Amino acid sequence: MKVLLASSEVHPYSKTGGLADVVGALAKALAKAGLQVGLATPLYKGVLEKFPGIHPSDLRIDLPLGTRRVEGEVFQLEWEPGLTVYFIRQADFFHRAGLYQETGADYPDNAERFVFFSKCVVHLARYLPWQPDLIHVHDWQVGLVPLLIKHAKERAGWGTAPKTCLTIHNLAYQGVFPRSAYELTNLPEDYFHSGGAEFYGRMNCLKAGITCADLITTVSPRYAREILTEAFGGGLDDVLRQRQRSLVGILNGVDYTEWKTTGNPFLNNSFALRNLRGKDAEKLSLQLTMGLPQASDRPLFGNISRLVDQKGSDILLGALVEMLAANMQFVLLGSGSPLLEKAFQNLARRYPDKAAARIGYDHPLSHRIEAGCDFYLMPSRFEPCGLNQMYSLRYGAIPIVRATGGLDDSIIDLTEDLEQANGIKFYEYSSRALAKAIRKALVLYDRPPLLRHFRKNAMSADFSWDRTTAEYVDVYRRTLAAA
Ligand code: ADP
């Protein structure tokens with residue numbers, strides 16, 4: 001089977017969130033499973049310098065974008081056997097300080113940038129020396145691809161065009177632009193209707209994908225159910241319900257070659273379930289780095305996240321104000337809303353011995369926080385899958401999560417199954433409910449045999465890509481077999 005994946009971010013070449021981790025790991029896992037895999041992604045600033053194996057290809061791009069033509073080049077990298085990454089180089093669009101925004105404001109030409117990228121994906125699918133059977137696109141940035149393919153297949157003479165699969169990593173981001181942006185697609189006007197790319201008079205890139213893809217997946221079974229409801233559907237629940245028979249929830253996997261507690265280049269100490277001395281050392285070193293008193297017997301809680309409404313930072317702040325009087329410490333790594341950034345910095349100033357906040361994006365520190373913490377807080381309002389709770393399990397930082405989306409699918413609370421319990425769940429979206437969950441964690445911390453039991457379940461939980469890959473291959477097969 002031959003598959004072309006497309007994503008606006010891929011770890012280790014670019015990343016703002018979980019999307020990058022998932023697409024990078026999926027591409028590698030599919031190639032390992034014997035598929036021929038291509039992966040299209042923009043060539044952002046600094047990538048060529050950092051990965052010298054990336055080289056120019058013979059493929060050239062010269063595509064219409066509304067009333068003008070835009071040129072680009074294709075660079076490529078043989079990443080793994082059976083896996084080639086195609087980097088689209090278009091310096092005006094992609095050589096910038098950020099991927100989608102700078103200083104909190106989206107780039108005003110994001111429609112141009114990602115309509116162009118979507119067209120490049122279709123162009124690649126058509127002119128690569130190997131023709132994919134299926135194009136698998138991820139999130140709104142490439143949501144127009146299924147519509148472009150549908151058009152190519154039905155009206156533009158490419159009858160053998162590949163089938164399409166869209167994965168929704170987060171329905172909160174849909175790529176909605178003014179109606180005028182639709183002209184950038186150079187598609188006939190009659191696709192701009194409520195069963196296609198139109199959404200309340202504007203262009204909605206994700207909706208174009210939902211209405212036109214042969215297969216739709218999302219990143220956890222529970223989120224697949226949630227997005228069919230008005231509360232979680234972001235205005236697209238109706239459209240999703242209409243496509244329900246083609247919608248599947250597949251829980252993301254974890255790349256354990258990257259997220260590991262032994263031989264991890266970002267950690268100073270290795271550790272394992274049977275020998276947690278290295279974890280204690282990571283805790284002391286993290287406390288030092290974050291400017292907190294070093295105390296191995298004080299429970300340390302952590303959070304790494306984009307500081308946006310989704311992640312529950314508001315209830316986290318409220319719960320911490322209530323709980324920091326207790327014998328505990330808290331560290332945060334995050335960036336996003338300036339208001340939330342300031343609130344966490346203020347909290348750290350108010351409780352200098354108890355709380356520390358690092359504002360920014362820091363990949364090595366994210367590994368050290370997972371390794372050094374006893375508990376990991378993830379109080380999301382909604383969470384399509386969530387990766388950090390799965391990373392925390394492996395690093396022995398017991399996750400405290402709100403029971404939503406993938407958090408509910410991946411964490412087992414003691415009230416659900418004492419034998420298998422690996423984390424603490426709470427339900428109500430409130431500081432009070434989260435504070436109560438933190439109190440349970442403090443009790444757990446004071447009972448070493450029970451904490452060991454949780455750690456054993458957590459660290460041995462297996463979310464490896466083998467299962468996830470098999471599920472994707474299965475739905476690809478079924479999609480290709482369907483008429
Ligand atoms: P989302 O994709 O919604 O941001 P996930 O939990 O699925 O949430 O994935 C987030 C990923 O981004 C994790 O790998 C996490 O460690 C990483 N991450 C988020 N914020 C930061 C940050 N400030 N510094 C380093 N890594 C971060």
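Read-outs: derived from the displayed coordinates by stated rules, not from any lab. Owing to the predicted nature of the structure, the values given are computational and were not obtained by experimental measurement. All Cβ positions, glycine included, derive from the backbone under ideal geometry; neighbour counts span all protein chains shown.
Compute the relative contact order of the chain as a whole-number percentage, counting only Cα pairs closer than 8 Å that sit 6 or more residues apart in sequence. Can you show the working numbers first?
Details: 956 pairs, mean separation 57.4, N = 483.
Computed over the chain, the figure is 12 percent.
Just rank 122, 74, fewest to most, by other beta-carbon atoms within 10 angstrom.
Details: 122 27, 74 21.
Ordered by Cβ neighbours within 10 Å, fewest first: 74, 122.
Using 1/(1 + (r/R0)^6) with R0 = 60 angstrom and r between the beta carbons of residue 289 and residue 229, what's the FRET efficiency to the nearest 0.05?
Given R0 = 60 Å and the Cβ-Cβ separation, E is 0.90.
In terms of the Cα gyration tensor, with a ≥ b ≥ c the square roots of its eigenvalues, is segment 277-463 rounded because a/c is under 1.5, prolate because a/b exceeds b/c, or oblate?
In terms of gyration-tensor shape, rounded.
Just grab the label-to-label distance for residue 32 and residue 194, each label 7 Å out from Cα along the Cβ direction, in nm (one decimal).
Here the answer is 4.6 nm between the modelled labels.
Compare the Cα positions of 211, 67, 286 along the charge dipole of the chain (+1 at Cβ of Lys, Arg; -1 at Cβ of Asp, Glu; about the Cα centre) and return the one farthest towards the positive end.
Of the options given, the answer is 286.
Grab the other residues whose beta carbon is less than 15 angstrom from that of residue 8, score K and R as +1, D and E as -1, and report the net.
Working: positive: 15, 45, 89, 96, 113, 119; negative: 9, 21, 106, 109, 112, 139.
That works out to 0.
For the chain, give the share of DSSP beta bridges that are antiparallel, in percent and rounded to the nearest 5; count only bridges with both residues there.
Values: 22 of 73 bridges.
About 30 percent, rounded to the nearest 5.
Would you order 460, 392 from fewest to most other beta-carbon atoms within 10 Å of each residue's own beta-carbon? If you can, show how the numbers build up before the last one.
Values: 460 11, 392 31.
Result, fewest neighbours first: 460, 392.
Taking neighbour counts of Cβ atoms within 10 Å as a proxy for exposure, in what order, fewest first, do 382, 199 appear?
Sorted ascending by nearby Cβ count, the order is 199, 382.
Tell me the net charge near residue 198. Cut-off is 13 Å between Cβ atoms, residue 198 excluded, with +1 for each Lys or Arg and -1 for each Asp or Glu.
Working: positive: 179, 202, 207; negative: 189, 190.
The answer is +1.
Name the shape class, rounded, prolate or oblate, that the alpha-carbon gyration tensor gives for segment 377-420, where a ≥ b ≥ c are the square roots of its eigenvalues, rounded holds for a/c under 1.5, and otherwise prolate holds if a/b is larger than b/c and oblate otherwise.
Values: a/c = 1.89, a/b = 1.20, b/c = 1.58.
Oblate, because a/c is 1.5 or more while a/b does not exceed b/c.
If each of residue 268 and residue 308 carries a label point 7 Å out from its Cα toward its Cβ, how far apart are those two points in nm?
Output for this residue pair reads 3.4 nm.
Full extension from residue 460 to residue 58: what is 0.36 nm times the residue separation minus their Cα-Cα distance, to one decimal in nm?
Values: separation 402, 0.36 × 402 = 144.72 nm, distance 4.64 nm.
The span from residue 460 to residue 58 would gain 140.1 nm if fully extended.
Rounded, prolate or oblate for segment 116-160? Axes are the square roots of the Cα gyration tensor eigenvalues, ordered a ≥ b ≥ c, and the cut-off for rounded is a/c under 1.5. Walk me through the numbers on the way to the answer.
Values: a/c = 1.74, a/b = 1.23, b/c = 1.42.
Oblate.
Obtain the nm distance between the two label points defined at residue 483 and residue 419 by a simple spin-label model: each point lies 7 Å from its Cα along the Cα-to-C-beta direction.
Result for the modelled spin labels: 4.8 nm.
Taking 0.36 nm per intervening residue step and subtracting the Cα-Cα distance, what contour gain separates residue 154 from residue 244 on full extension?
Working: separation 90, 0.36 × 90 = 32.40 nm, distance 2.32 nm.
Full extension of this stretch gives 30.1 nm more.
Report the FRET efficiency, 1/(1 + (r/R0)^6), for residue 325 and residue 430, where r is their Cβ-Cβ distance and R0 is 22 Å, rounded to 0.05.
0.70
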